[in-house]
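To keep things clear, I will list the structure first and then write my remarks on it.
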Amino acid sequence: MKRFVFLACLLAILLVSPAEAQLRGYPYAPRVRSWRIGLEAGVGVLGSDLTKESRNYHFRPIANLELAFIAHKNFAFGLYGGGGFMRSTADDMESNTRFVGGGVVLELRIPTLRGSVFPIVQLRGGGVIIDPELREGRNTFESSSLKYLTFSGAAGVEVVSWGRLGVRALFGVTYTNTDKWDLIVRGDDKDGYSFAVLSMHYYITPRR
């Protein structure tokens with residue numbers, strides 16, 4: 001409890017500190033208390049029972065929208081939502097899954113090169129709805145929509161131009177609390193996916 005109170009007090013101090021003082025020495029960085037709107041797209045690779053057995057990886061498209069608030073030069077938080085497709089195969093079995101999901105974003109940002117480059121560590125938590133399908137030989141098995149929890153960790157870098165436009169690359173892993181992305185349940189393993197995305201962001205800066 002004491003640690004939680006300490007972290008809450010530290011966050012409050014950061015939020016009420018003057019924005020201009022926080023950005024001294026970083027003329028190319030987005031201003032504190034800016035809003036960020038972004039679109040990211042890339043590929044995901046499902047880690048499921050079929051993938052583990054075959055080592056046959058399939059890259060499938062994923063995309064997300066993001067709205068975030070720059071609370072401090074080193075910290076941002078917001079919301080994300082999106083979806084995509086996943087596929088895995090082994091022998092005569094093939095799994096295809098559509099999914100949509102969303103949740104909250106927490107981001108640690110470290111300005112370098114006067115604020116034009118930001119190494120990033122990002123955490124995401126939320127939920128996902130999946131529609132899985134499994135084909136085994138000539139037989140096809142489908143399931144109704146299933147809802148699960150997700151947790152993601154990612155790292156990357158963002159390049160910022162004029163303090164308004166950002167382009168970034170992120171690489172990460174998403175974990176879930178289910179083993180049914182391919183409708184196969186073996187052991188206690190939880191299915192998830194790795195991802196690599198590129199994104200473009202626009203920063204809406206406050207008036208001076």
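Which residue pairs have Cβ atoms closer than 7 Å, lie 6 or more positions apart in sequence or on different chains, and pair a first residue in the stretch 99-115 that is under 15 Å from VAL159 (Cα atoms) and in contact (Cβ under 8 Å) with a residue 60 or more places away in the chain with a second residue that is aromatic (Phe, Trp, Tyr) and not in a loop (DSSP other than H, G, I, E, B)?
PRO111/PHE118
For the subset of the stretch 163-208 comprising residues that are surrounded by 20 or more Cβ atoms within 10 Å (Cβ to Cβ) and among the hydrophobic types (A, V, I, L, M, F, W, C), which member is nearest to VAL121 (Cα to Cα)?
Across the stretch 163-208, the extreme among qualifying residues is LEU170.
For LEU67, all conditions in the list (1) touching a residue at least 60 places away in the same chain (Cβ under 8 Å); (2) in contact with a Gly (Cβ under 6 Å, 6 or more places away or on another chain); (3) not acidic (Asp, Glu) hold save one; what is the number of the exception?
(1)
Between residues in the stretch 136-162 that are surrounded by fewer than 12 Cβ atoms within 10 Å (Cβ to Cβ) and residues that are modelled with pLDDT of 85 or more, which pairs lie under 6 Å by C-beta distance while being six or more apart or on different chains?
These pairs meet every condition: GLY137/ASP92; GLU142/GLU133; SER145/ILE129; SER145/ASP131; LYS147/ILE129.
Which one of GLY115, GLY127 is surrounded by fewer than 15 Cβ atoms within 10 Å (Cβ to Cβ) and over 17 Å from PHE171 (Cα atoms)?
GLY127
What is the residue count in the stretch 92-135 for residues that are among the charged types (D, E, K, R), more than 14 Å from ALA68 (Cβ to Cβ) and in contact with a strand residue (DSSP E or B) (Cβ under 9 Å, 6 or more places away or on another chain)?
6
State whether one or more residues within the stretch 26-41 are among the aromatic types (Phe, Trp, Tyr) and at pLDDT below 95.
yes
What strands (runs of 3 or more DSSP E) completely inside the stretch 71-179 contain at least 3 residues that are of a type in the set (A, V, I, L, M, F, W, C) and over 30 Å from SER54 (Cα atoms)?
Hits in the stretch 71-179: 75-90, 93-109, 117-136, 146-161.
The values are calculated or read from the model by the stated rules, or taken from the named source; none is laboratory data. What you are looking at is a predicted structure, and each value in this text was computed from that prediction instead of being measured. When we count neighbours, we look across all protein chains shown, and the Cβ atoms used for this are built from the backbone with ideal geometry, even at glycine.
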